[in-house]
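S.K.: Here's a structure for you.
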Amino acid sequence: MPIEFALASLALIALPGPDRALILRNALVGGRTAGMRTTLGGVSGLSLHAAAALGVSALLATSAAAYSTLKLVGIAYLLYLGVRMVLTAQRPSDHDEQAPGGRAFAQGFVSNALNPKVALFFLTFVPRFLPDHGATLPAALALSATFAAICLAWFSGLVTLVELVGNALCRPRVRAWTERVSGGALVAFGLRLAAAGKP
């Protein structure tokens, strides 16, 4: 597997973004289980972008309507999550009720599935590493699996780190600020995505 693709994948995954904000928030509020469920949901959401090998991401790149629709839905979802977290922070007594629980997997899945930037990453990088001759689908799926494995390893490590320092971070006041910061970050990512033009 080309080291260049792995490094580019790691660089994209390590950058601050909605995934990190959501996983950190869920790990802090719901513990390791919620953090890992969010991570697994996000990795599962990548499976939709693996359809780049079948042309779905190519459609996003060439169809302004398809890209705009996915972008608007993604923005709406980020803003919804962000505002909900900020409002939750105003009611510290409700934190236990607002713990992500079984919703964590779905949140991670939808966050990644509705991220047009991830789809365009696959479109930009996967074709560069496909063989010039012969079947390209197996190679494309292998590259997609590599990206998913790096994503799983990175965020699993992040969840483990949160668990190690979780006692200090789970105090009610800290949790309230976690909600505010995470929610504000998701709103900011949504607004930045709204302001960005099509690549």
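Just so you know, all these numbers are worked out from the coordinates, no wet-lab data involved. As the structure is a prediction and not an experimental result, all values here were calculated from the model. Every residue, glycine among them, receives a Cβ derived from its backbone with ideal geometry; neighbour counts consider all protein chains shown.
S.K.: Taking neighbour counts of Cβ atoms within 10 Å as a proxy for exposure, in what order, fewest first, do Thr146, Thr69 appear?
M.R.: Ordered by Cβ neighbours within 10 Å, fewest first: Thr69, Thr146.
S.K.: With the crude spin-label approximation of a point 7 Å out along Cα→Cβ, what separation in nm comes out for Leu15 versus Ala195?
M.R.: Calculated label separation equals 1.6 nm.
S.K.: Rounded to the nearest 0.05, what FRET efficiency is calculated for Asp132 and Val181 with R0 set to 41 Å and r the Cβ-Cβ distance?
M.R.: Details: r = 47 Å, r/R0 = 1.15.
Calculated value: 0.30.
S.K.: Just to confirm a number: summing +1 for Lys and Arg and -1 for Asp and Glu over residues other than Asp19 whose beta-carbon lies under 13 angstrom from that of Asp19, what do you get?
M.R.: Here the charged neighbours net out to +3.
S.K.: In addition: Cβ neighbours within 10 Å, averaged per peptide: list 131-141, 147-157 in order, most packed at the top.
M.R.: Sorting 131-141, 147-157 by mean packing, highest first, produces 147-157, 131-141.
S.K.: Taking the simple approach of a point 7 Å from Cα along Cα-to-Cβ for both Ala65 and Ala106, what is their distance in nm?
M.R.: Label at Ala65, label at Ala106, 3.0 nm between them.
S.K.: Still on this structure, I have one more. Between Leu141 and Ile3, what FRET efficiency follows from the Cβ-Cβ distance if R0 is 25 Å, with the result rounded to 0.05?
M.R.: For R0 = 25 Å, the calculated efficiency reads 0.85.
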